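The block underneath contains the structure these notes are about, expressed in structure tokens.
The values are calculated or read from the model by the stated rules, or taken from the named source; none is laboratory data. Model, not experiment: these values are computed from the prediction. Virtual Cβ from ideal backbone geometry, glycine too; neighbours counted across all protein chains shown. Please note that ligands, DNA and RNA were not included when accessible areas were found on the heavy atoms of the full protein model with its side chains. Shrake-Rupley method; radii C 1.70, N 1.55, O 1.52, S 1.80 Å.
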Amino acid sequence: MFIRGPYGYGFPVESFKNKNVVIDAGGTGLAPVKSIINRYCKNPKEIKKLNILVGFKSPKDILFEDEIKKWKEKFDVLLTVDNGDETWTGNIDLITKFIPDLNIESPDDTIVIVVGPPMMMKFTCLEFLKRGIPEVNICVSFERKMSCGIGKCRHCKINETYVCLEGPVFNYTKSKQLLD
């Protein structure tokens with residue numbers, strides 16, 4: 001068996017210490033941030049507060065349901081779906097609808113992580129900017145189609161940026177220039 005990786009740069013979790021953290025994940029975008037959430041479940045004193053916003057297309061698309069239940073015991077978790085069914089009793093709407101209602105006490109002391117489909121990330125970041133979160137406090141992850149992981153195949157290239165080498169996690173000040 002041959003294993004290689006990880007490639008690029010991840011979330012700078014060391015810089016999140018003693019901060020308010022908001023994690024916004026859409027669909028399979030929850031997978032890359034799951035380990036961060038579990039880290040804070042084990043070490044809640046590393047941060048001041050954690051808000052988790054998770055959105056899926058439908059109730060049948062919800063990932064990690066058991067873990068989401070555990071997270072709800074420790075943190076403020078908002079779970080929503082784009083389209084409910086007859087069994088769904090929770091929130092129905094896009095994640096962006098709920099951002100104005102978040103209790104953000106100190107925008108300068110808040111870190112936001114956004115992972116999901118490109119359109120969701122774009123509008124989620126814009127909503128957080130409206131809330132006064134500085135661009136440097138927003139991290140996004142471009143989960144691109146990476147094949148080689150060393151910048152040779154160009155599958156992950158956006159403009160002149162190789163996501164596999166320079167990302168996949170970018171600060172919003174850089175990511176806003178990466179038009180997909």
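Brief remarks follow.
- Stokes-Einstein D (µm²/s) once Rh is taken as the Kirkwood radius of the chain over alpha-carbon pairs, at 37 °C in 0.692 mPa s: 194 µm²/s
- Taking amide H as placed 1.01 Å from N in the peptide plane, the amide H of I92 sits under 5 Å from that of V81, each at least 5 places away or on another chain.
- Assigned charges on the beta-carbon of Lys, Arg, Asp, Glu; the range 107-180 dipole about Cα centre (debye): 360 debye
- Checking the Cα-Cα distances for K17/K145; K48/K145; K19/K152; K152/K176 against a 26 Å cut-off, the pairs over it are K17/K145; K48/K145; K19/K152.
- Gyration tensor analysis over the Cα atoms of the range 80-180 returns equivalent ellipsoid semi-axes of 28, 20, 9 Å (largest first, whole Å).
- Rg/Rh for the range 135-180 stands at 0.97; both radii use Cα atoms, and Rh follows the Kirkwood definition.
- When all alpha carbon pairs of the range 28-98 are counted in 10 Å bins from zero, the resulting P(r) reads 19, 52, 25, 4, 0 %.
- Close amide H partners of I23, meaning residues 5 or more places away or on another chain with modelled amide H under 5 Å apart, are N51, I52, L53, I113.
- Relative contact order of the chain: 24 percent, from C-alpha pairs under 8 Å at least 6 residues apart in sequence.
- For the chain: accessible area per residue (Å², 1.4 Å): 56 Å²
- Alpha carbon Rg of the range 1-68, scaled by the compact-globule rule 2.2 N^0.38 Å: 1.27
- The chain: calculated mean residue ellipticity at 222 nm from DSSP helix runs of at least 4, using -39500 (n - 2.57): -7000 deg cm²/dmol
- Listed peptides 41-54, 13-26, 77-90 by packing density, highest first (mean Cβ within 10 Å): 13-26, 41-54, 77-90
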